[in-house]
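Below: the structure, in structure tokens.
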Amino acid sequence: MDVQRTGSMVRSSSPMESLEKQLSCPICLDMFTKPVVILPCQHNLCRSCASDLYDSRNPYRFSGGVFRCPTCRFEVVLDRHGVHGLQRNLLVENIIDIYKQQQEGSGNTQSTLKPKESKESKEPVCQEHEDERINIYCITCQVPTCSMCKVFGQHKDCEVAPLASVYQAQKGDLSNAIDTLVASNGRLQALLNQMEDACRAVQENAQLVKQGLAERFDLLYAVLEERKGILLEQIGKEQDEKVAALRAMAQRYGERLQSSTELTDTAVRALEQSGTAEFLLASKGLIAKTKDAAKCSLGEERPEPGFEKMDHFTLSTEHVEAVLAKMDFGMCEDDDEFEDAEEEEEEE
């Protein structure tokens, strides 16, 4: 008889045990905790367990990610909403609610998966009435309480409601709030992506503008170098011409000096001769040549005063420096200012 009773008990509990196994999470090995999410491979997970699994595979919490289903190893790809983007399995949640109600109605105080853990150990008890578990919700005070508090305690004049109904309502509110927050996070992520795109666009546009500015300055450098070469060439040309003229004069002066020196030596030797007749024979011609040579030296060609000066090549760059110092973006509107400065320089 005892054996038959035991066998009948096993047979009667097998359907519930099988149902509880079907409603067990493969990660925490306990009954699903709502909300329950369904994966693309049709296996279910507690959202909290799915979130823990996702975080372990994605420690930096990037937008989107990948993890494998712990039941079939199917690769689950998440969007930017992460685990909250998975759909809830309302059917499983409803079955869990019905199962728990049946367990509470039958007075079963033990879990099939964890037989040594009593139901009372999971449910909180009232602080004022230690033997009473919290089973109602005080709507007036917005706190869960026990039936004794409603009958004899501080909530006897308050409005109360069944704990399960308030539980479902608040869980629904929290779920809706989470969905709203997820949608808000999606908008924030879109804004972040937009800001990142704008930052990249600013950097690319700034690089293009910098490149264009460098090219414009390189062009200015080239124009200045070219103009500098032209002006230096003008100075060098006049320098060569003046030096050549002065060297030609110096050559002529040297030739005349040599001729005059030779004539002077001849006249000095004539003065040193002792013979009177010989001196008189040569003196007349020497006197005439000496006088002519002296007269020619007095009327010799000479450079004009200031011939050696080069200050007419002085370049005034004050107006250009002023324009360059004021150089800024949009200078095309101030081109008249540069032209007026050039005209004033020419008039001076």
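Values quoted throughout were computed directly from the atomic coordinates according to the rules given, and no laboratory measurement underlies them. Quick caveat, the model's predicted, so the values are computed rather than measured. Every residue, glycine among them, receives a Cβ derived from its backbone with ideal geometry; neighbour counts consider all protein chains shown.
Could you order peptides 26-33, 78-85, 178-185 by the average number of other Cβ atoms within 10 Å of their residues, highest first?
Put in order of decreasing packing, that is 78-85, 26-33, 178-185.
Once R0 is set to 22 Å, what does the formula 1/(1 + (r/R0)^6) return for the Cβ-Cβ distance between LYS295 and ILE235, expressed as a FRET efficiency to the nearest 0.05?
Using R0 = 22 Å, I get an efficiency of 0.05.
Ordered by packing density, taken as the mean number of other Cβ atoms within 10 Å over each peptide's residues, highest first, how do 137-144, 302-309 rank?
Listed from highest to lowest mean packing, they are 137-144, 302-309.
Checking the table LYS228/LYS326; LYS100/LYS171; LYS237/LYS326 against a 25 Å threshold on Cα-Cα, which pairs fail?
As for pairs spanning more than 25 Å Cα to Cα, those are LYS237/LYS326.
When ILE96, ILE38 are ordered from fewest to most other Cβ atoms inside 10 Å of their Cβ, what list results?
Final ranking by Cβ density, sparse to dense: ILE38, ILE96.
Diagonalise the Cα gyration tensor of segment 199-313 and give the resulting equivalent ellipsoid semi-axes, square root of 5 times each eigenvalue, largest first, whole Å.
So the three semi-axes of segment 199-313 are 72, 11, 7 Å.
Subtract the Cα-Cα distance of GLU128 and LYS171 from 0.36 nm times their separation in residues, and report this length gain in nm to one decimal.
Taking 0.36 nm per residue and subtracting the Cα distance, the gain is 12.8 nm.
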